Amino acid sequence: MMFGYDAAVIQRYPAICAGVIHATGLSNGPSAPGLRAEYRDGQQAARARLAATAMADLPSIAAWRRAFTAFGAKPTQYRNAAEALLRRLAKQGDIPAVNTLVDIGNLVSIRYAIPVAVIDLDSIAGSITVRFATGSELFTDLGSADSVHPDPGEVIFADRDNTVSARRWCWRQSAQSATSAATVGALIVVEALHETAAPDIGNAVTDLTALLTIHQPGVRLTSCTLPAP
């Protein structure tokens, strides 16, 4: 599936659970009206949950905050991708549509309060390994033309060429890995660490598969889950 965990990460974070989808035959344009409507409904439901439960009390968010703290990233400075989306939704009341793949990923992310990474397959050399950075790898932030090195010890998504697709685990995706109108293949990864991670990941993969099948009629999908050992 072009995705896996280094043994050292599993040893440090034995609760990690992931769902991985390999999608080809994509045509990534603007979201269709039906998807936009479902996205709006998902945002409304997420706002209602946030009104009833503080974000820090959501088990999935709390688990990611603990994980970030464990590898030296202040969780109030570096928000995991799901928390960043939910905070944006709470503050602004809306997460604008971007494109079909991003909107599907964001919808499922706010639905379950867990991060969803949608990575352009053409950006990956070999496969992605989630591992601790040595500091020699290269990362290019969205909107930047300059590459930087991750901090030694932070958790990263890195491929065979030491190119980083995501820094601080699920904090920030790289410019190269972001989907665009040219994307025809994607690796979609959803991860969680909380007590009910396994069933939540399973439901998220089911939702992602259904949404992709409906809104990308030419798609070809394979998927797997990586349960905690």
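Taking Val20 as the residue in question, decide whether it is assigned to a strand (DSSP E or B), among the aliphatic types (A, V, I, L, M) and farther than 16 Å from Asn106 by Cβ.
yes
Under 7 Å between Cβ atoms, at least 6 apart or on separate chains: pull out the pairs that start in the range 53-69 with a residue that is of a type in the set (Ser, Thr, Tyr) and end on any residue that is buried (at least 22 other Cβ atoms within 10 Å of the Cβ) and outside any helix (DSSP H, G or I).
Within 7 Å, the pairs are Ser60/Ala113; Ser60/Ile114; Ser60/Ala192.
So which pairs qualify, if the first residue must be in the range 16-44 and over 26 Å from Asp94 (Cα atoms) and in contact (Cβ under 8 Å) with a residue 60 or more places away in the chain, the second must be surrounded by 13 or more Cβ atoms within 10 Å (Cβ to Cβ) and among the aromatic types (Phe, Trp, Tyr), the Cβ gap must be under 9 Å, and the two must be at least 6 apart or on different chains?
Ile16/Tyr5; Ala18/Phe3; Ala18/Tyr5; Val20/Phe3; His22/Phe3
Just to be sure I understand, how many residues within the range 8-37 are surrounded by 18 or more Cβ atoms within 10 Å (Cβ to Cβ) and under 29 Å from Val184 (Cβ atoms)? First the steps, then the outcome.
Here is the first cut: in the range 8-37, the residues surrounded by 18 or more Cβ atoms within 10 Å (Cβ to Cβ) are 9, 13, 16-21, 23, 26, 28, 31, 35.
Remaining after also requiring under 29 Å from Val184 (Cβ atoms): 17-21, 23, 26, 28, 31, 35.
Looking only at that region, the number is 10.
Only one residue in Ala62, Ala45, Ala54, Ala82 is farther than 21 Å from Cys17 by Cα, touching a helix residue (DSSP H, G or I) at 6+ places or on another chain (Cβ under 8 Å) and either modelled with pLDDT under 95 or not aromatic (Phe, Trp, Tyr) (or both), so which one is that?
Just a single option satisfies the conditions, and that option is Ala45.
Return the residues of the range 191-229 that are among the small types (Gly, Ala, Ser), farther than 21 Å from Gly25 by Cβ and either out of contact with any helix residue (DSSP H, G or I) (no Cβ under 6 Å at 6 or more places or on another chain) or not in a helix (DSSP H, G or I) (or both); say none if nothing qualifies.
Result: Ala192, Ala197, Ala198, Gly202, Ala228.
Go through the range 48-73 and give me each residue that's part of a loop (DSSP other than H, G, I, E, B) and under 21 Å from Ala204 (Cα atoms). It would help to see each step written out before you state the result.
If we filter the range 48-73 for residues that are part of a loop (DSSP other than H, G, I, E, B), which is where we start, we get 53-54, 58, 71-73.
Residues satisfying the conditions are Thr53, Leu58.
Name the residue, out of Ile16, Ile61, Ile10, Ile21, that is over 17 Å from the mean Cα position of the chain (by Cα) and among the hydrophobic types (A, V, I, L, M, F, W, C).
Among Ile16, Ile61, Ile10, Ile21, only Ile10 is over 17 Å from the mean Cα position of the chain (by Cα) and among the hydrophobic types (A, V, I, L, M, F, W, C).
Name the one entry in Ala133, Ala182, Ala166, Ala197 that is more than 16 Å from the chain's Cα centre (by Cα) and buried (at least 18 other Cβ atoms within 10 Å of the Cβ). Talk me through it step by step, then tell me what you get.
Numbers: Ala182 fails: buried (at least 18 other Cβ atoms within 10 Å of the Cβ); Ala166 fails: more than 16 Å from the chain's Cα centre (by Cα); Ala197 fails: more than 16 Å from the chain's Cα centre (by Cα).
Step by step, each of Ala133, Ala182, Ala166, Ala197 is checked, and only Ala133 is more than 16 Å from the chain's Cα centre (by Cα) and buried (at least 18 other Cβ atoms within 10 Å of the Cβ).
Identify, by number, the condition in (1) of a type in the set (Lys, Arg); (2) surrounded by 13 or more Cβ atoms within 10 Å (Cβ to Cβ); (3) part of a helix (DSSP H, G or I) that Arg79 doesn't meet.
Condition not satisfied by Arg79: (3).
The values are calculated or read from the model by the stated rules, or taken from the named source; none is laboratory data. What you are looking at is a predicted structure, and each value in this text was computed from that prediction instead of being measured. All Cβ positions, glycine included, derive from the backbone under ideal geometry; neighbour counts span all protein chains shown.
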